[in-house]
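Input: a single structure, listed below in structure tokens.
FYI, it's all coordinate maths here, none of it is from the lab. Model, not experiment: these values are computed from the prediction. Counting neighbours? That spans all protein chains shown, and the Cβs are built from the backbone with ideal geometry, glycine included.
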Amino acid sequence: MIIIFNNIIPFRGYTALAFYPFLFVRHEFKSYQHTNNWYRMIQHEKIHFKQQIEMLFLFFYCWYVLEFLIRLVIHKNVDKAYRNISFEKEAYQHEQDENYLFTRKKFHWLHFLKG
């Protein structure tokens with residue numbers, strides 16, 4: 001994982017964006033390193049790395065955008081749409097489990113498609 005601190009990616013209001021093997025982190029969160037919130041965020045993004053790998057990268061990004069747009073139509077709210085993307089649901093649910101990446105089954109994000 002190559003961590004890049006910057007002020008552009010991701011958009012303001014978000015902390016980090018995983019684009020395997022890079023992790024773009026907003027510069028204002030650099031001081032969070034070595035805190036519980038930092039380790040939770042790293043775990044969350046590592047889950048996205050696994051998702052990206054199993055979806056052969058391009059399919060991950062296409063699916064992510066398509067699912068976001070569908071959820072945006074359903075929820076009519078950007079934050080709700082984002083939080084209801086199946087990839088995000090999996091990552092948020094397991095971001096505090098340090099062992100999750102060792103026990104995670106491939107394509108587990110599919111379990112979060114409903115709802």
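Within the range 7-47, the residues that satisfy the criterion of being in contact with a helix residue (DSSP H, G or I) (Cβ under 7 Å, 6 or more places away or on another chain) and either among the aromatic types (Phe, Trp, Tyr) or surrounded by 11 or more Cβ atoms within 10 Å (Cβ to Cβ) (or both) are THR15, ALA16, ALA18, TYR20, LEU23, TYR32, TRP38, HIS44, LYS46, ILE47. Residues in the range 68-106 that are surrounded by 13 or more Cβ atoms within 10 Å (Cβ to Cβ) and not aliphatic (A, V, I, L, M): 18 in all. MET41 meets all of the listed conditions (1) in contact with an Asp or Glu (Cβ under 8 Å, 6 or more places away or on another chain); (2) farther than 17 Å from LEU17 by Cα but one, namely (2).
Inside the range 48-67, can you point out the residues that are part of a helix (DSSP H, G or I), of a type outside the set (Asp, Glu) and crowded, with 17+ Cβ neighbours inside 10 Å? The answer is HIS48, PHE49, LYS50, GLN51, GLN52, PHE60, TYR64.
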